[in-house]
Amino acid sequence: MRTPLRLAAALALAGAGLVLAAAPARLAAEAQPPLQARIKIDTDRVIGEVDPLLFGSFAEHLGRMIYGGIYDEGNPLSDADGYRTDVMRAVKDLGVTVLRWPGGNFVSGYHWKDGIGPKDLRPARLDLAWNAVESNRFGTDEFLKYAERIGAEPYIAVNLGLGTIDEARDWVEYTNEARPTWWANERGKNGHPAPYSVKYWGLGNEMDGPWQLGHKPANEYARFALEAAKAMRGVDDSIKLIASGSSNYGADWVGWNRTVLATLRNQIDYIAIHTYVGNRDNDFEKYMAWSQTIDRYIETTAALIKEVRAGRANARPIAIAYDEWNVWYRAGVKEGLEERYDFEDALAMGLFFNSFFRHADVVKMANLAQMVNVIAPIMTSKDGLFLQPTYFPFVEYGKQRGNRALDVWVSAPTYTPAENRPPLAYLDVSATYDAKGRQVVLNVLNRNQDRDIATRIENQEGRLAGVLAVWQMTHDDLKATNDFGEDRVRPVTRTETVSVRDGGFTFTFPAHSLTILRMKLE
Ligand code: AHR
């Protein structure tokens, strides 16, 4: 969660030099011998399926995300519909499986009916969330067509801030109703007679945040969302509903999630949580300890889900949708949230995915916030684009969709990231198994800034082949960035032959690196 206000404060701190404080002096990697660790893999120890929806993203009407990002009418790089074709290619290669829209904070003041019909007749409105003018030239039909073109499931968040329940259920009718009702007919007039059958619907955005238009206390939000859910399901009972869970961790976020879950447990399929991380103290190893917080948010919310379902026969399954996550601590509203990511931010992508995989039984959707220009892996200008370092881990982890997440055993040296924090291992690990291809994938983040870690990797079931496919991101400069025409931070790939003895082999993970190893089982 970030608010313009909080951001202003964060930027003030940065201005005061806090973010730029010197990192603790560290020794060069080559000066010291590698540390030692062990990882044990057992393909029988399955946590759950890596849901394909973990590789979602988010497109908000904010800055240059939509206009000048994915949609740029009149630009020679755009097609007849106004979609930037170069951006669309990069988005497809990113492998986005589900796309959340239209916000974000924006949605709490958005009236979807402004965004349908002939474009030139659509009203321009003030967007109070981001102090902008919304032309409404990109609306529901443009979004749904885009999602179809990139091969992603559309996920629409309804306005439960300043919006009404009627507006929400009309929206479901516009997109999903097959019978000839007013809204279904309007859809036909707008060029799409067949229902879009939008499956995923969010019940508002960050309704726990005082910054949100129409913010409500937990019980009021939950009651309102319950009635909205009933009406939306009245139109189409097959939809999946996502409740607005915690984003405001300075407040009673556990209480918020408990109330929301208790009230909505018979209506919702997911509860959303949001987290933005950053290297605010310019301390790499502390930054990489954010996994403790991500794990805690997931495990606490999972416990609350268990609590509300406990003892009830046929309780509705509820999963977590981590439907906003990313690094965000530098670029504020003034900068259009155009965060410039560096090499260490790419490693933070590993933190999130490893945590999602370790909780694959309960985290069933995740949306990188956002997709283009705004805290995004893809940056555009009028004439082209470049890929930020964070783009590459997303692509590579995404290839594990549908695999089984495994509960691996890790023994590695530990460190204490800050006072009053429990120690954590230098290796942050997840693993998945593709049973059909008989392939184990091991995702390892070495968060030791200076030391390589020589790791004995053992497999419990089946014989490991001696050839590894290695995908790796490493860099001398933690702060290295990419730019137009300058691809300084990219992954490398190679195959490596190892000698497998007694079911295992040793692999050395370089200091401050992210490695994905693919291993065949013979
Ligand atoms: O992604 C940017 C903003 O962050 C979203 O609008 C809001 O939901 C969150 O606070």
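None of the figures in this text is laboratory data; all of them are computed from the coordinates on show. Not measured: the values here are computed from a predicted model. Cβ: placed from backbone, ideal geometry, glycine included. Neighbour counts: every protein chain shown.
Over the Cα atoms of the chain, what is the Rg over Rh ratio if Rh follows Kirkwood? Expressed as Rg/Rh, it is 0.97. Using alpha carbon coordinates only, what is the Rg to Rh ratio of segment 292-336, with Rh defined as the Kirkwood radius? Rounded to two decimals, Rg over Rh is 1.22.
The value of relative contact order for segment 51-401, using C-alpha pairs under 8 Å at least six residues apart, is 20 percent.
Straight Cα distances below 17 angstrom link Lys479 to the lysines Lys286, with same-chain residues fewer than 8 positions distant left out.
From the square roots a ≥ b ≥ c of the eigenvalues of the alpha-carbon gyration tensor of segment 377-501, which class results: rounded (a/c under 1.5), prolate (a/b over b/c), or oblate?
On the way: a/c = 1.96, a/b = 1.31, b/c = 1.50.
Oblate, since a/c reaches 1.5 and b/c is not below a/b.
Across segment 161-176, computed HN-Hα scalar couplings (Karplus, 6.51 cos²θ - 1.76 cosθ + 1.60, θ = phi - 60°) run x, 9, x, 10, 5, 4, 4, 5, 6, 5, 5, 5, 5, 4, 8, 10 Hz from first to last residue, x flagging Gly and Pro. For Arg179 and Lys230, what is the calculated FRET efficiency with R₀ set at 22 Å and r taken between the beta-carbons, to the nearest 0.05? In this case the efficiency is close to 0.65.
Order these peptides, 341-352, 435-446, 460-471, 475-486, by their mean beta-carbon neighbour count within 10 angstrom, highest first.
Working: 341-352: 25.4, 435-446: 20.0, 460-471: 15.7, 475-486: 13.3.
By packing density, highest mean first, the sequence is 341-352, 435-446, 460-471, 475-486.
Less than 5 angstrom separates the built amide H of Ala319 from those of Tyr270, Ile271, all sequence-distant by 5 or more or on a different chain.
Taking θ as phi - 60° and the Karplus parameters 6.51, -1.76 and 1.60, the scalar couplings of segment 287-298 work out to 4, 6, 8, 4, 4, 4, 6, 4, 4, 5, 4, 5 Hz in sequence order, x denoting glycine and proline. Close amide H pairs (under 5 Å, H built 1.01 Å from N) link Gly202 with Ile156, Ala157, Val158, Ile242, residues at least 5 positions away or on another chain. Applying the Karplus relation 6.51 cos²θ - 1.76 cosθ + 1.60 with θ = phi - 60° to segment 488-503 yields 3J(HN,Hα) values of 7, 10, 9, x, 10, 10, 6, 9, 9, 9, 10, 9, 7, 10, 6, x Hz, where x marks Gly and Pro. Within the same chain, lysines fewer than 8 places from Lys216 are excluded, and of the rest, those with a Cα less than 28 Å from its Cα are Lys113, Lys199, Lys230, Lys240, Lys306, Lys334, Lys364.
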